[in-house]
1. For the stretch 295-339, give me the residue count where each residue is of a type in the set (S, T, N, Q) and under 20 Å from Val207 (Cα atoms).
2. Picking from Arg505, Arg469, Arg427, Arg460, which residue would you name as being touching a residue at least 60 places away in the same chain (Cβ under 8 Å) and farther than 26 Å from Leu349 by Cα?
3. For the stretch 346-359, give me each residue that is of a type outside the set (D, E, K, R), away from the ligand (no atom under 16 Å from the Cβ) and more than 23 Å from Tyr59 (Cβ to Cβ).
4. Of the conditions (1) of a type outside the set (Val, Ile, Thr); (2) crowded, with 20+ Cβ neighbours inside 10 Å; (3) free of Cβ contacts under 8 Å to residues at least 60 places away in the same chain, Ala193 fails just one. Which one is it?
5. If you scan the stretch 407-457, which residues turn out to be more than 15 Å from the ligand (Cβ to nearest atom) and surrounded by fewer than 22 Cβ atoms within 10 Å (Cβ to Cβ)?
6. Quick one: is Ala258 exposed (fewer than 14 other Cβ atoms within 10 Å of the Cβ), without any contact (Cβ under 8 Å) to a residue 60 or more places away in the chain and under 30 Å from Ala375 (Cα atoms)?
7. Hey, can you tell me all the residues within the stretch 131-154 that are over 21 Å from Arg90 (Cβ atoms) and among the basic types (Lys, Arg)?
8. If I filter the stretch 215-227 for residues that are more than 30 Å from Met28 (Cβ to Cβ), crowded, with 23+ Cβ neighbours inside 10 Å and within 22 Å of the chain's Cα centre (by Cα), do I get at least one hit?
Amino acid sequence: MNGAESLVRTLVSGGVNLCFANPGTSEMHFVAALDRVEGMRCVLCLYEGVVTGAADVYYRMTGNPASTLLHLGPGLGNGLANLHNAKKARSGVVNIVGEHAGYHIKHDAPLTSDIEGVARPMSDWVRTALSAKTVAADGALAIQAAREPPGRVATLILPADTAWGDADGPATVQPPVARRPVAGDAISAGARALTCGELALLFLGGVAMRGRALELAGRIAAKTGCRLMSEFNNARMESGAGRVPAPRLPYVVDVALAALKGVRQLVLVGAKTPVSFFAYPGKPSVLIPDDCAVTKVAGAESDLEGALEALADTLDARHTPPAVASLARPALPTGEVTVEGITAVLVALLPEHAVVIDESITTGRGFATAMSGAAPHDWLTIVGGSIGWGLPAAVGAAIGAPDRKVIALEGDGSAMYTLQALWSMARENLDVTVIVFANRSYKILHTELANVGAGTPGRRANDMLTLDRPNLDWVDLAKGFGVEAGRAASLEEFAQQFRRGLARRGPYLVELVI
Ligand SMILES: Cc1ncc(C[n+]2csc(CCOP(=O)(O)OP(=O)(O)O)c2C)c(N)n1
């Protein structure tokens, strides 16, 4: 057995049985080992940003890391933007990067680069395997690192000679460590802040936005009268009918400040004190009022469900019924395409337990909050703010949750970064309906130009913010990647096209002209 095979066997026996890959010469022994080892599903992606974005969201859906396979520094470099999103989302990823054989590096061949240096900023753990005999043990450590709560990006660099040299066999992976319980002091402090008589906000993030944790937060809110909100970016939040609404903090600074006005007690469970995405002249970076006290009950890495359980016990809220959203499907709208109309179509038609990937930028700024009347679903956002995430994310979601419909809501600008993901959707027949909001523009940047005080765009500046001349033809683009597609230019056409996507089991793309 060679080192590559010992590594693949370690991955499979350690429960990492999915690999998103874009290989090159230095990864050929890993690729060849796939034929000899049962149990590893390998998905080819035609750009590394698809590999890393898919791995991010596979973890968000399953709680188990996938591995990647990337080609040296340049391949890793292509994947960094979505590796950044994965790290910010606290997703576990076993990020495997091929490297030249150790003795070849000193010759400075064309693909030689400082791979550890490329990896470090977007990884939580980096290691270069030193020999074929130890690469399996390094792989086991990488899996353990990726699983460390709440999830980490573990980059394992695999020199070609550690892959082709003789190995002894696979290594054993230690079981994952449990999330850290929250100390009683923090629970008492949280309970005091929520009951001191001042306007309190229980601010949720991470896995507090799901399952029993979210329900407990709702019970606490019903008992104490505190408000409930979630971070603007959530790796995965449950919403829709029957779920406790915890609206996302708005993106726009002034709107966020208005939403937090008057709050005197901020209680954090899995969330951080909210800050604005960017600095804007004359506006604050930290979004809470100056006189607001902050109590951190639990960080994202902690046992958030346990913390909310203890908080509910302390407040005698365990049996208080939470306020939950009820199903409110609107009538299907007709006529000209408006944001309100799109929202109504989505709320009306969203299938039960859909997984929604939200990279809809300006068009979809209000979608998530409006979706509380829709059928129960999961809502996933970018987290790291690096666009080009949504289509790869849909690949990872569809593989991680094969029995659920995945709906990717995409700005046309964002979708262009990683549209190669469409090919993987077609090849793997993934159950994804993609909706591209074709406003032919980087619309958000029109507003941002004014927000940062850069004035009104002239002809040349405007050309940097528009996607026309030529218009992108999303129906043809999708077809070129093997994905069927249709165009909608009115709300009734949108509903019809969306239904067409929902009716099939496989990928479909709707270009919605705005
Ligand atoms: C990797 C990366 N590059 C550039 C940006 C800057 N950026 C943020 S939003 C945006 C345009 C988004 O356009 P689109 O997806 O069409 O959404 P719209 O604003 O039109 O709704 C750009 C270029 C970014 N956030 N990340």
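The values are calculated or read from the model by the stated rules, or taken from the named source; none is laboratory data. Please read these numbers as outputs of a predicted model, since none were measured by experiment. Positions of Cβ are backbone-derived with ideal geometry, glycine not excepted, and every protein chain shown enters the neighbour counts.
1. Our first condition is that a residue be of a type in the set (S, T, N, Q); within the stretch 295-339, this holds for 295, 302, 314, 320, 326, 334, 338.
Keeping just the survivors that are under 20 Å from Val207 (Cα atoms) gives 295, 302.
Here the count works out to 2.
2. Details: Arg505 fails: farther than 26 Å from Leu349 by Cα; Arg469 fails: touching a residue at least 60 places away in the same chain (Cβ under 8 Å); Arg460 fails: touching a residue at least 60 places away in the same chain (Cβ under 8 Å).
Matching residue, one of Arg505, Arg469, Arg427, Arg460: Arg427.
3. Residues satisfying the conditions are Val347, Ala348, Leu349, Leu350, Pro351.
4. Tallying (1) of a type outside the set (Val, Ile, Thr); (2) crowded, with 20+ Cβ neighbours inside 10 Å; (3) free of Cβ contacts under 8 Å to residues at least 60 places away in the same chain, Ala193 fails exactly one: (3).
5. Applying the first criterion (more than 15 Å from the ligand (Cβ to nearest atom)) to the stretch 407-457 yields 407, 420, 422-433, 453, 455-456.
Once the filter is applied, which keeps residues that are more than 15 Å from the ligand (Cβ to nearest atom) and surrounded by fewer than 22 Cβ atoms within 10 Å (Cβ to Cβ), the stretch 407-457 yields Gln420, Trp423, Ala426, Arg427, Glu428, Asn429, Gly453, Gly455, Thr456.
6. On the way: exposed (fewer than 14 other Cβ atoms within 10 Å of the Cβ): yes; without any contact (Cβ under 8 Å) to a residue 60 or more places away in the chain: yes; under 30 Å from Ala375 (Cα atoms): yes.
In short, yes.
7. First, pick out the residues of the stretch 131-154 that are over 21 Å from Arg90 (Cβ atoms): 131-140.
Passing the criteria: only Lys133.
8. no
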